[in-house]
Amino acid sequence: MPRRTHAVLGHQITARGLRRGPLAQLRMGVRVDREGVVEADFHTVQNIPNTEGKNHRAAVTKRFYLADALFLVGLESDDTQLLHKLHTALTEPRWPLYFGRKAFVPARPIPSPGLADEHHPVTRQPLDNALRTHPWLEHQPRIHPSRRTPSHALSPTWLRTIVDADPLALDIELRHDHPLSFTQQHRAYASRAVQISHVPLTPEMINGIV
C-alpha cells in the first residue's frame, strides 16, 4: 500500500517561508479517507554517461505517484499558539504549495473545516480522538453514501490510520522519513515509529455530525 510520510511538514515549511524543518517534533496522524491509485509518469533524462563518463545518452525513466487520494492529516502539540500559526500559514502561504512536483497542486484548500461542533481546524481534542470523529472528507457523488440510493448503500467501512507512536510500543512499523536536514547538499532522515490502525466510518462522520 502507498505510504504516508512526513511530507506534510514540507508543506508547513513552505507555507511559513522556512528553509529548515523546526516542526519535526510535532506528533502527526493521518486518516485515509480515500486510498487513491498509483500512477506512472514518464521522464526523459538527458546526457547520462556510462561508467567511464563517456557515451552520453538519453533515457526514459518512470516516476510513480499517488493520484486521487484524500487524507485527513493532524498535527498535535501542547503549543496552541504554534498550531494557530500553522493554520494561518496554510491559508496564506508564503510560497506556492504542491505535492512533490509543482504541477501537483492541492485540489481544494488544505485546512479542514474542523470538528462538526467546533468549526475550526485547531481543537483541544487529542489527535487520536480527532482522527476517530472528524467528519469524512469525501465529497464525490459516486462514492459518498448519503447521495446513493438504499440499494447501493455501502457496507460497513473502516478508514486506515497511520499515527506517530512510541518506538517501544507493540505493533509498530518503522519509517525512514523523519527529516533531520533539508539542505540541498546534505539531506538527512531518521527513522520514526508509526502505528497502523483503522477507525469505523460512522453515519455521524458521513453527515458531518459529531
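Key figures
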quantity: Leading residue by the ranking (modelled with the lowest pLDDT) among those in segment 183-198 that are over 22 Å from Ser77 (Cα atoms) and assigned to a strand (DSSP E or B); calculated: Arg187
quantity: Hits in segment 178-201 - residues which are under 29 Å from Thr133 (Cβ atoms) and buried (at least 16 other Cβ atoms within 10 Å of the Cβ); calculated: His178, Arg192, Ala193, Val194, Gln195, Ser197, Val199, Leu201
quantity: Segment 37-75, residues that are assigned to a strand (DSSP E or B), surrounded by 10 or more Cβ atoms within 10 Å (Cβ to Cβ) and touching a His at 6+ places or on another chain (Cβ under 7 Å); calculated: Ile48, Thr61, Arg63, Leu72
quantity: Residue that is nearest to Ile196 (Cα to Cα), among those in segment 154-174 that are among the acidic types (Asp, Glu) and loosely packed, with under 11 Cβ neighbours inside 10 Å; calculated: Asp171
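The values are calculated or read from the model by the stated rules, or taken from the named source; none is laboratory data. These figures come from a predicted structure and were not determined experimentally. When we count neighbours, we look across all protein chains shown, and the Cβ atoms used for this are built from the backbone with ideal geometry, even at glycine.
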